[in-house]
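A short reminder: the numbers here are calculations on the coordinates, not readings from a lab. Since we're looking at a predicted model, the values are computed, not measured. Glycine also receives a Cβ, built like all others from the backbone with ideal geometry; neighbour counts cover every protein chain displayed.
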Amino acid sequence: MDASEAKESQRSAGGLCSRLGSAAAEMPQQISAENCLELLTKAKSDGAEGATRRLYRYMSDHYLQVLRTPGVYGRLTAAEREHILALRMEGTKVMAVAETSEVHDRGGRREDSRPQSPLLSASEDASRRRVFYLHPERQQWEVLTSLPEEIPAKGSGMCTMYNYLFVAGGIGRSKASDRVSCYNPLTGAWSQIRPLSQPRCQLRLVSMDGYLYAIGGECLFTVERYDPRADRWSPVAPLPKGSFAVAHEATSCGGELFVSGGSLFYRLLRYDSRRDEWEECPFNESRRRSTDMVAHRSLVYRFDVDRERAGVSVYRYNTVVKVWLGGEFFPLHDPLPFRCVVLGDRIYCVNRSQTLQFDLRGEREEFLSEVLPSPAEARGALVPFVLSVPRDERPDPGQAP
């Protein structure tokens, strides 16, 4: 680049910075992950506070792109990195659920086909699987987005990280998939990240310490980890041979992964990322299949639905002292399998029939008598998770990713 070209480039960047204050609506079309740092540097040097705020907001809204763009994230200060991530998480935390098309609905009973939801227009494909969120004020379920058609309908793993929803693997057209998709609730856009190293279905996807872990899958003991800065999956220590048959549950707690389930329901494995090793935890006394397993603070909670006794047994594993606390049985009317998510000091247990609330705040942890509804016209099994959505309005799916 000669001197005249360099001057022209500087004038162009300076001109864009000067327009940010009055043309914020044009920002998504003009700013990119590649030029946002240059524009931010210019805005700060010019004392343009409004432009600086909007550039930080852009970096926050497009966090994954910024994170893996060479020469951008690495040149931000530690305070700036914390700031853009805090901006990303500052919206309203909501419970959301995604529809799946599993043959056996873990989230409820086998039922006859339900009528098409009125939330879908006549022009939309009724087979599209949707993501609902529970509006925190109206306590009503609303459609947030639809899963792209290319995401397999069965056997995918789902989790959230950095306020993105990630969906990995699954089975479509009679073969396992390696596809990994992510949804950005701040822009309403879906995108693809690096595929898994090997196709997986019936896997568990868990986030921990800024990484994604794809754990096992049908006939697989392998585990791989995704680094979002490098946009790369790398193998880590596999599950011990003979650990589990197909299904299992997984969660993270205190910087460690915990896996249970499969055919050996009483076993619990712990993964130490520093040593890249799996270890056996003390056995759980229950020999039943758990419906789900989640973590809150230093405890791992395991839920076993007992249809014969009409209730749910809750077991707690203390990850600090490494012991199981005695299981407690809670009678429930017509208990059905569910999936769980932690939001605040409650565990929400969701299926297509109802949403139970397991309160963690009192001296005695217990299911609340108040039962929340589930999405009225949801299909298949429901997978719950937590996202932060903008406070003012839901994201516009047509906005730039």
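Would you give the gap between the C-alpha center of segment 311-384 and the C-alpha center of segment 178-255, rounded to a whole Å? Rounded to whole Å, the Cα centres lie 24 Å apart. Any lysines with Cα under 22 Å of the residue 42 Cα? List them, leaving off those in the same chain fewer than 8 positions away. In chain and number order, the partners are 7. In this structure the amide hydrogen of residue 366, modeled in the peptide plane, comes within under 5 Å of the amide hydrogens of 359, none closer than 5 places in sequence on its chain.
Kindly identify segment 259-401 as rounded, prolate or oblate by the Cα gyration tensor criterion: order the square roots of the eigenvalues as a ≥ b ≥ c, call it rounded if a/c is under 1.5, otherwise compare a/b with b/c, prolate if a/b is larger, else oblate. Verdict is oblate for segment 259-401. Among residues other than residue 319 whose Cβ falls under 11 Å from its Cβ, what is the net charge (Lys/Arg +1, Asp/Glu -1)? Within the 11 Å Cβ shell, the charges total +3.
With an 8 Å Cα cut-off and a minimum separation of 6 or more residues, compute the relative contact order for segment 135-281 in percent. This gives 14 percent for segment 135-281. In a fully extended conformation the segment linking residue 175 and residue 75 would gain 31.8 nm over its present Cα-Cα distance, using 0.36 nm per residue. For segment 215-322, the relative contact order works out to 16 percent when only alpha carbon pairs closer than 8 Å and six or more residues apart are counted.
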